[in-house]
Amino acid sequence: MNYYSLNGQSPKVNFKEATIKGQAPDRGLYFPEFIPALPKGFIENIDNYSYEEIALTVISPYIADTIPVSELKKIVSETINFDFSLISVNDNIYSLELFHGPTLAFKDVGARFMSRCMAHFTRNNDKHVTVLVATSGDTGGAVANGFYGVDGVNVVILYPSGKVSNVQELQLTTLGKNISALEVNGTFDDCQQLVKQAFNDTALNHELFLTSANSINIARWLPQQFYYFFAYQQWPDKKNPPIISVPSGNFGNICAGLLANRSGLPVRHFIAACNANDIVPAYLQDGNYQPKKALATLSNAMDVGNPSNFIRVLELFHKEFNSLKNVLSSYSISDEETKKTIAEVYTKHNYLLDPHGAVGYLSLEKYMEQNPREKGIFLETAHPVKFYDVVEPIISSKVPIPSSVQSLLGREKHRMPMEVDYQKLKDYLLSRS
């Protein structure tokens, strides 16, 4: 398996090179040269497989011979060694809980997989790797945890000041060691633009071994397919595949689901559940893609005004608008609707949503109002405790605190404030080399 740049001006590379580079030299995202089909009988017999067997089957064609099978088995096992529970919320709607990992967010899967692949690829490298990542919330904590203590790798995380939750900030600023955090006086899009400038700086890349851990990196993006297969394994009515609603910001997660579907995973329809940042819902109305400045919302990890991975979604459908619309719908959910949904689901069904899951739930509910015979799954992408300051006033109750968060409370945050100034970022990166 090789990967080509979506900008079409760089040579193809294998999985190892694509992982280490992060982004192609022509500034394009890497994309697999073909979509591998699942083995014959795999879906029909999925109930007989372990999570490890499912994940290894799904990811192996993308890795090819860049990682020995024995090592890949170990990487996969360490990536998914926690629960992926499919919970019935009501008769027609199920929650796929993706918050049982170490940082209580779906991004633990991609971050753990990528960190272990990177450690394997750079094991005998005499030059330190600098992983540079922008976060709108959960990515930072997942990447920090995944790469913490990995020899030969330094991680620098940029996050927008005042626009991540307190728990999210604790997760990415309290580890220390090889993890550093920059608190940027701007939006997530500003952070992402600074990261892109760094990757496009030839002189800086000559000095540093620089790579990304955002979902633009295939080693972060591709393993997100796993939990769609885990959901289907637990789905009670396999004769009638589910609708799947995915809280969407940078669109790496839903793109992985669409990729799994193209490989042969049965899914009736996908929903991109968005907050007030409605670029994709608007695009699916008229085919006009117009990035905007990101708006701050309660579901902050989805506050993205120019989603990087949407170009991969378009590539999956060969940029054919009508083909995409047949498979994907999208809704924009306001903060008021988000709060109302959290309250109603908690009261009626005794199920506690985080703000992102609430956007996913309501989007699924809206779709099912027009398609009343369908049943579906929404992705609960983060534990509600990460947004306790939002959730607790809505439900008038305390959110139970998991032990992984309890251990963070009271720790000192270590971060460096920074303006939206690329030269200052460059100076900082060079000072750590």
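Which percent, nearest 5, of DSSP beta bridges in the chain are antiparallel?
Of the beta bridges lying entirely in the chain, close to 20 percent run antiparallel.
Sort Val143, Val267 by heavy-atom solvent-accessible area, probe 1.4 angstrom, most to least.
Descending accessible area places them as Val267, Val143.
How much of the accessible area of the chain, probe 1.4 Å, is carbon plus sulfur, in whole percent?
Carbon with sulfur: 46 percent of the solvent-accessible area.
So who's got an amide H within less than 5 Å of the one on Tyr94, skipping anything under 5 residues away but keeping other chains? H placed 1.01 Å off N, in plane.
Val89, Gly376, Ile377, Phe378
Could you work out which residue, out of Asp389, Asp108, Asp303, moves most in a Gaussian network model of the chain, that is, has the largest mean-square fluctuation with Cα springs under 10 Å?
Checking each option, the largest mean-square fluctuation is seen for Asp389.
Could you tell me how far the Cα centroid of segment 257-271 sits from the Cα centroid of segment 368-411, in Å?
25
Hey, of (i) 17.6; (ii) 21.9; (iii) 19.4, which did the structure itself give for mean projected area of the Cα convex hull in nm² when calculated?
Read-out taken from this structure: (iii).
Which of the three applies to segment 255-373, rounded, prolate or oblate, going by the alpha-carbon gyration tensor with a ≥ b ≥ c and a/c under 1.5 meaning rounded? Intermediate values should be presented prior to the final figure.
Working: a/c = 2.00, a/b = 1.34, b/c = 1.50.
It comes out oblate by the Cα gyration axes.
Could you give me the ³J(HN,Hα) list for segment 270-286, computed from phi with Karplus coefficients 6.51, -1.76, 1.60 and θ = phi - 60°, whole Hz, x at Gly and Pro?
Here the 3J(HN,Hα) series is 10, 10, 8, 8, 10, 8, 5, 7, 9, 4, 6, x, 5, 4, 6, 7, 9 Hz.
So what is the relative contact order of segment 123-207, in percent, for Cα pairs below 8 Å that sit 6 or more residues apart?
The value is 31 percent.
Excluding ligands, DNA and RNA, what is the solvent-accessible area per residue of segment 293-433 at a probe of 1.4 Å, expressed in Å²?
Heavy-atom SASA per residue in segment 293-433 reads 49 Å².
Would you calculate the separation in nanometres between label points at Gln197 and Asn125, each defined as 7 Å from the Cα along the Cα-to-beta-carbon direction?
With each label point 7 Å from Cα toward Cβ, the separation is 2.4 nm.
About the Cα centre of the chain, what is the dipole size in debye to 20, counting +1 per Lys and Arg Cβ and -1 per Asp and Glu Cβ, all else neutral?
Roughly 520 debye for the chain.
Would you mind calculating the relative contact order of segment 52-97 from Cα pairs under 8 angstrom and at least 6 residues apart, reporting the percent as a whole number? Working shown, then result.
Working: 24 pairs, mean separation 13.4, N = 46.
Relative contact order of segment 52-97: 29 percent.
Please turn the phi angles of segment 242-259 into ³J(HN,Hα) values with the Karplus equation 6.51 cos²θ - 1.76 cosθ + 1.60 (θ = phi - 60°), one per residue in order, whole Hz, x for glycine and proline.
For segment 242-259, the Karplus curve yields x, 7, 10, 9, 10, x, 10, x, 8, 6, x, 5, 5, 5, 5, x, 5, 5 Hz.
Using a cut-off of 12 Å between beta-carbons, work out the net charge of the residues near Met416 (Lys and Arg +1, Asp and Glu -1, Met416 not included).
Taking every Cβ under 12 Å from that of Met416, the sum is +1.
For segment 26-105 and segment 195-253, what is the separation of their Cα centres, given in Å?
Each part's Cα centre sits 12 Å from the other's.
Normalised by the number of residues in the chain, what is the relative contact order in percent for Cα pairs under 8 Å and 6+ residues apart?
Once divided by the residue count of the chain, the mean separation gives 18 percent.
The values are calculated or read from the model by the stated rules, or taken from the named source; none is laboratory data. Please read all numbers here as calculations on a predicted model, not as lab measurements. A quick note on method: Cβ atoms are made from the backbone with ideal geometry, for glycine too, and the neighbour counts reach across all protein chains shown. Each accessible area value is taken on the protein alone, full model and side chains, heavy atoms only, with ligands, DNA and RNA left out. Shrake-Rupley method; radii C 1.70, N 1.55, O 1.52, S 1.80 Å.
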